[in-house]
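A.B. asks: One structure, pasted below without further comment.
Rule-based calculations on the coordinates, nothing more; no lab input. Note that this is a predicted model, so its numbers are computed, not measured. FYI the Cβ positions are ideal-geometry reconstructions off the backbone, even for glycines, and counts take in every protein chain you see.
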Amino acid sequence: GESVGLHLPTLSVQEGDNSIINCAYSNSASDYFIWYKQESGKGPQFIIDIRSNMDKRQGQRVTVLLNKTVKHLSLQIAATQPGDSAVYFCAENAGGKLIFGQGTELSVKP
Amino acid sequence: EPEVTQTPSHQVTQMGQEVILRCVPISNHLYFYWYRQILGQKVEFLVSFYNNEISEKSEIFDDRFSVERPDGSNFTLKIRSTKLEDSAMYFCASSEDRGPEKLFFGSGTQLSVL
């Protein structure tokens, strides 16, 4: 069945370090993926997206990598800042609706 | 920057009552969605809406749920005969293109059914 999951429920990093948040998906037909950031009490905020015909896409301080062979998605955050502390969700486009993963909580230590 | 706005931010209701959650999507967006998130869990799809009709709905969206776009700006979610398990954060989202690509979410309405 369709499912998107995250490997680690929590991730703690030192300010200034790079963060890597991972996601596994099971639907090989998914053609579009998004990373969202959710701060406490707020709705999911779009970070970056990638189509299945790409394997890497870069934004401002963020990079998304897609490995279709092993159905794995990752979000890399460079020079992590305290403001990056949040829950991060990956989501896949499954037939016109987004299926969200469980979420990884990123904590940035000063 | 344009944003999706939702009201109220919190809604408390008695079991069995009806609630209406309101959303104003981004003005040039054509595709509208409701999602919900039970505390500590992942965001779950409820329904998508385009051209004044439901495009797709999940099994959560049973016959107690309905959506409406009563005018050119509002998008509402109505839940009749509320149950305790309806308690969740409800997010409205909209997108310019079908996909659902680049969904923009509101800040949510926290619904508590007592």
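A.B. asks: If you wrap a convex hull around the C-alpha atoms of segment A:18-81 and split its volume per residue, what is the figure in Å³? Kindly include the intermediate steps, with their values, before the conclusion.
C.D. replies: Values: hull volume 6.0 nm³, N = 64.
Output value, Cα hull per residue: 93 Å³.
A.B. asks: Kindly write out, for segment B:81-96 in residue order, the coupling ³J(HN,Hα) from the Karplus curve 6.51 cos²θ - 1.76 cosθ + 1.60 (θ = phi - 60°), rounded to whole Hz, with x marking Gly and Pro.
C.D. replies: The phi angles translate into 6, 4, 10, 4, 6, 7, 4, 4, 8, 9, 10, 9, 9, 9, 9, 7 Hz.
A.B. asks: Expressed in whole Å with the largest first, what are the equivalent ellipsoid semi-axes of chain B derived from the C-alpha gyration tensor as the square root of 5 times each eigenvalue?
C.D. replies: Rounded to whole Å, the semi-axes are 22, 14, 13.
A.B. asks: Ok, one more. So how do A:55, A:84 line up by other beta-carbon neighbours within 10 Å, fewest first?
C.D. replies: A:55, A:84
A.B. asks: No solvent, one uniform scatterer per C-alpha: report log10 I(q)/I(0) for segment B:62-114 via the Debye equation at q = 0.14, 0.21, 0.22 1/Å, two decimals.
C.D. replies: Cα-only, vacuum Debye calculation for segment B:62-114: -0.47, -0.94, -1.00.
A.B. asks: Then there is this: Output ³J(HN,Hα) for segment A:64-73: one whole-Hz value per residue in order, computed from phi by the Karplus curve 6.51 cos²θ - 1.76 cosθ + 1.60 with θ = phi - 60°, and x for Gly and Pro.
C.D. replies: 10, 10, 10, 10, 6, 4, 10, 6, 10, 10
A.B. asks: Here is a further query. Residue A:30's amide H: which non-local residues (gap 5+, or another chain) put their own amide H closer than 5 Å, with H modeled 1.01 Å from N in plane and none for Pro or chain starts?
C.D. replies: Residues meeting the amide H criterion: none.
A.B. asks: Do me a favour and compute the ellipsoid semi-axes for chain A from its Cα gyration tensor, root of five times each eigenvalue, largest one first, whole Å.
C.D. replies: Three semi-axes, in Å: 23, 14, 12.
A.B. asks: Report the dimensions of the protein assembly as shown along its three principal axes from the alpha-carbon atoms, largest first, rounded to Å.
C.D. replies: 49, 37, 36
A.B. asks: Taking GluC sites (Glu not before Pro) as candidate sites, keep only those in a DSSP loop with at most 11 other Cβ atoms within 10 Å, then name the longest stretch of chain B containing none of them. Don't jump to the answer; show the numbers that get you there.
C.D. replies: Values: sites that count: B:18, B:59.
Formally, the longest exposed-site-free interval is B:60-114.
A.B. asks: Rounded to whole Hz and in sequence order, give me ³J(HN,Hα) for segment B:22-33 from the Karplus expression 6.51 cos²θ - 1.76 cosθ + 1.60, θ = phi - 60°, writing x for Gly and Pro.
C.D. replies: Karplus-based 3J(HN,Hα) across segment B:22-33 equals 10, 9, 10, x, 5, 4, 9, 7, 10, 10, 10, 9 Hz.
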